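Everything below concerns the one structure shown next.
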Amino acid sequence: MPAALSRVRLAVLSVLLCFLGLLVQVGPAEAVTYRTVTKTIRGVDSFYSTTFATCLEARYSAVMSARAYFANKKNNFDQPRISKMSLSVVTKRSCSSTRPTEARNRFDEISYSSLVYGQGCRSNPSFSASLPWSIGVAVTPTCGRVQRARFGDSQGRARGAHVFETTNVKTLAWNDTDTWTPRVPAAGTYAELCTSVAASVSIRNTTGTSRRKLTRSFVFKDACIRDR
């Protein structure tokens, strides 16, 4: 019995020593600190219509943000968001002019909308947002039919107005991630999240003998945010 008891005690002691060794190897869990990176994004594009003898200039601005944190020896970037997005359309005598036209427009109805979709047609992000954003698969100016988020406005009696604006205070979110490993030789290494932004503008004259319609897409430079 004493010999058997000693063997049991040794076995228990061995298990305890292994367990303590495992605790020493694993150590406490790494604390992860999150921070939010924000950037104001903007874009402008214009088109001259000979049919309506006017230049249409589309501008947008918004706040883009993402979450940055360090884990698994990598800098991680995720949870991109766009908020406070505004879109304006200005009618001008020429696209080189810096001021809106003073002449009455040759159209009396206008509709305009912002489009956000996967950057460079390389992704099909899963967007989430509430009204006035609408989300679904539709035609985009550069990527054909893909998942896109949209919001906009329309206005009748547009003949005497020259600046048309709409603002969306709701946040648009989608799933995208990027990582990079610090302390690598390559210069300019950083994490980056991008999305494509465009606008669609339609103008129409509904009175008189010249009842015409024009729909034009405006493609802005990709909106990107970096963590570096």
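The values are calculated or read from the model by the stated rules, or taken from the named source; none is laboratory data. Here the structure is a predicted model, which is why all the values come from computation and not from measurement. All Cβ positions, even for glycine, are placed from backbone atoms using ideal geometry, and neighbour counts span all protein chains on display.
For the reader, a short list of remarks on this structure follows.
- Subset of region 129-164 [assigned to a strand (DSSP E or B) and of a type in the set (D, E, K, R)]: Arg145, Arg148, Arg150, Asp153
- Of all residues in region 147-167 being basic (Lys, Arg) and touching a Phe, Trp or Tyr at 6+ places or on another chain (Cβ under 8 Å), the one that is modelled with the lowest pLDDT: Arg159
- Selected residue (only one of Ser111, Ser202 is within 13 Å of Leu87 (Cβ to Cβ), modelled with pLDDT of 95 or more, small (Gly, Ala, Ser) and surrounded by fewer than 19 Cβ atoms within 10 Å (Cβ to Cβ)): Ser111
- Selected residue [surrounded by fewer than 18 Cβ atoms within 10 Å (Cβ to Cβ), more than 27 Å from Thr206 (Cα to Cα) and touching a strand residue (DSSP E or B) at 6+ places or on another chain (Cβ under 9 Å)] from Gly136, Gly144: Gly136
- The single condition among (1) under 16 Å from Asp45 (Cα atoms); (2) outside any strand (DSSP E or B); (3) touching a strand residue (DSSP E or B) at 6+ places or on another chain (Cβ under 8 Å); (4) among the polar types (S, T, N, Q) that Ser126 does not meet is (1).
- Region 213-228: number of residues that are modelled with pLDDT of 90 or more and more than 20 Å from Leu172 (Cβ to Cβ): 4
- Among the residues listed as Thr195, Thr206, Thr167, Thr215, the single one being in a loop (DSSP other than H, G, I, E, B) and β-branched (Val, Ile, Thr): Thr206
- Residue in region 91-107 that is within 22 Å of Ser61 (Cβ to Cβ), assigned to a strand (DSSP E or B), out of contact with any Cys (no Cβ under 8 Å at 6 or more places or on another chain) and not charged (D, E, K, R) present: no
- Subset of region 105-133 (residues that are over 14 Å from Ala199 (Cα atoms), among the small types (Gly, Ala, Ser) and out of contact with any Pro (no Cβ under 6 Å at 6 or more places or on another chain)): Gly120, Ser123, Ser126, Ser128, Ala129, Ser130
- Checking each residue in region 103-147 for being basic (Lys, Arg) and farther than 28 Å from Lys92 by Cβ picks out Arg122, Arg145.
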